[in-house]
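Undergrad: I have a structure I would like to understand better, so I am pasting it below and will then ask my questions one at a time.
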Amino acid sequence: MPDVQFGLSSYKRAEGDLPELPVINMYAEQAPTETGGVVLQSRPPLADRSANMGAGPVRQLYKRDGVLGGALFGVSGSSLYMDTTSLGGINGDGPVSMDGYADLLFAAAGGSLWGYDGSTLAAVTFPDGANVLKVIVGESRAIAIRADTQAFYYSDPLSDNIDGLNFASAESQPDRLLDCLYLDGILILYGAETVEFWPSTGNADLPFAPLQGRVYKKGIKATGCATKIGSTHAWVTNQNQVCMTEESNIISNVGLEERIEAATNVSLFNFLINGIEMLGLRLDEETQIWSLRSGMWSEFQSYGESNFVPQCWSGGVFGSAIDGKTITWGSGFTDLGGVFERRFRGGFPLNGGNVGIRSLRLRANVGNTGFLSGDYADPQCEMRFSRDAGRTWSQWFPAPLGAQGEYRTRLEWRRLGTFDDPGALFEFRTTDQVPFRVSAVTVNDPGAGRSR
């Protein structure tokens, strides 16, 4: 039989009772050495930096080399932090944004606009004392969205002075502005029902002007649902799709859009894994990750938690959604000192007839444990199967991943019986402290039978 198709991109769809194909704490990567050209790699584990920002949660992080000496800033709970030092409280319970000049940091969370100059944190005078949804810096100006309006305001260059006449309004239709980005000299304004593009003009009195003829008829779901990635931008639309660059370039699948629609809290953030840019879509109880390089989705989980612990990232550091921890990618194979589970599924349909499975083989990087004794000297991979498209499952069956140096170990399960319509579905997982890469899953290999 040919190779078993295994999930390279996470998929779950309630409508139609389709089988789920989770890809947990792994991601697809091109591999020219493999027959299929693609492998699943384990994500790196998370490590506590032991540099907490209070009790948390860490709502947003910001670090730029040229801003206030490249310090790491964060909003944790209701306070602004520089590294582990609280600078004072900020108001607002909405999504947090931060940006700055070389000597001034701005922060907003749906309340006042705040500024920190390296010594003092103070509210910035904003026209009419209005609340600010989002703040960014573009053309050496602070740009702030006024809450519950279609207006954005901008400061004088390299200043925190925002005159009441320094504003403009999204023009295509009267939908509220909810988010904005500044990318390659263009201010991108995300409204509730449209997206507009306002290039820089070079005019000191009118620094931005709308680009005529370029208005997307898809808006944004909420503040915090837009981010830069690569050389472009991505956002969650008011139609519950994740789009990149163009409104027609939809990178989400229907099952994911179904869950976005049902979620109360939705946000986007981006980060790096080994130089690969990743887009993180955080929902109420799951965080889906999209790889800019492979175009595949996977789910990152933290063992024992209802969601992935990180919820924001800047300068190589994650912020924790459950406490004040700041987190980085670590080494080894424990996740924040705990269990690190990696899991995925594969299978094939059977439209009539049946097949007897005498051997199921998983091709992975065996024999690579770093332990010569103890629990992980003989690491295991577990498999379970379903004969009814995932409605019911067998128990978990372990198989050895090979002791140190046993590079010819066959990761194999034998005599699994006969499978018929609707097909065979297999799930694999390991929680042992070993590397885990997956290249192929095969059934009834001609050479099946040797285990060592």
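Undergrad: Which whole-number percent gives the relative contact order of the range 198-315, counting Cα pairs below 8 Å spaced six or more residues apart?
TA: After rounding, I find 15 percent.
Undergrad: A follow-up question, please. Amide H to amide H, which residues 5 or more places from Ile229 or on other chains are under 5 Å from it, using H placed in the peptide plane?
TA: Close amide H contacts, sequence-distant or interchain: Ala234.
Undergrad: So which of Lys63/Lys217; Lys63/Lys228; Lys12/Lys217; Lys221/Lys325; Lys63/Lys218 end up more than 23 Å apart, counting from Cα to Cα? Kindly include the intermediate steps, with their values, before the conclusion.
TA: On the way: Lys63/Lys217 33 Å; Lys63/Lys228 15 Å; Lys12/Lys217 28 Å; Lys221/Lys325 28 Å; Lys63/Lys218 31 Å.
Flagged as over cut-off: Lys63/Lys217; Lys12/Lys217; Lys221/Lys325; Lys63/Lys218.
Undergrad: Give the long-range amide H neighbours of Leu211: residues separated by 5 or more places, or on another chain, with amide H under 5 Å away, using H modelled in the peptide plane at 1.01 Å from N.
TA: For Leu211, the qualifying residues are Phe197, Trp198.
Undergrad: Right, something else. Only one of the values (i) 0.99; (ii) 1.04; (iii) 1.07 was calculated from this structure for Rg/Rh (Cα atoms, Kirkwood Rh); name its label.
TA: Read-out from the structure maps to (ii).
Undergrad: Find the all-direction average of the projected area of the Cα convex hull for the range 41-84, expressing the result in square nanometres with one decimal place.
TA: In nm², the orientation-averaged hull projection of the range 41-84 is 4.2.
Undergrad: Also, quick follow-up: What residues qualify as long-range amide H neighbours of Cys381, i.e. H under 5 Å apart, gap of 5 or more or another chain, H built at 1.01 Å from N?
TA: Answer set, sorted by chain and number: Ala399, Leu401.
Undergrad: Ranked highest first by average number of other Cβ atoms within 10 Å, how do 127-134, 5-12 line up? Don't skip to the end; give the middle numbers.
TA: Details: 127-134: 18.6, 5-12: 20.2.
The densest-packed peptide leads the list: 5-12, 127-134.
Undergrad: Express in whole angstrom the spacing between the alpha-carbon centres of the range 330-358 and the range 156-220.
TA: After rounding, the separation between the Cα centres reads 47 Å.
Undergrad: Short version: ³J(HN,Hα) in whole Hz for each residue of the range 108-114, in order, from phi by Karplus 6.51 cos²θ - 1.76 cosθ + 1.60 (θ = phi - 60°), x for Gly and Pro, what are they?
TA: Ordered by residue, 3J(HN,Hα) equals 8, 9, x, x, 5, 8, 10 Hz.
Undergrad: Could you give me the ³J(HN,Hα) list for the range 384-398, computed from phi with Karplus coefficients 6.51, -1.76, 1.60 and θ = phi - 60°, whole Hz, x at Gly and Pro?
TA: Coupling constants for the range 384-398: 9, 10, 10, 9, 10, 6, x, 6, 10, 10, 6, 6, 7, 10, x Hz.
Undergrad: Across bins of 5 angstrom width beginning at 0, how are the C-alpha pair distances of the range 356-452 distributed, in whole percent?
TA: For the range 356-452, the pair-distance distribution reads 3, 13, 24, 23, 17, 11, 6, 2, 0.
Every read-out reported here was derived from the displayed coordinates using simple, explicitly stated rules and does not represent laboratory data. This structure is a prediction, so every number in the text was calculated from the model and none was measured. Cβ: placed from backbone, ideal geometry, glycine included. Neighbour counts: every protein chain shown.
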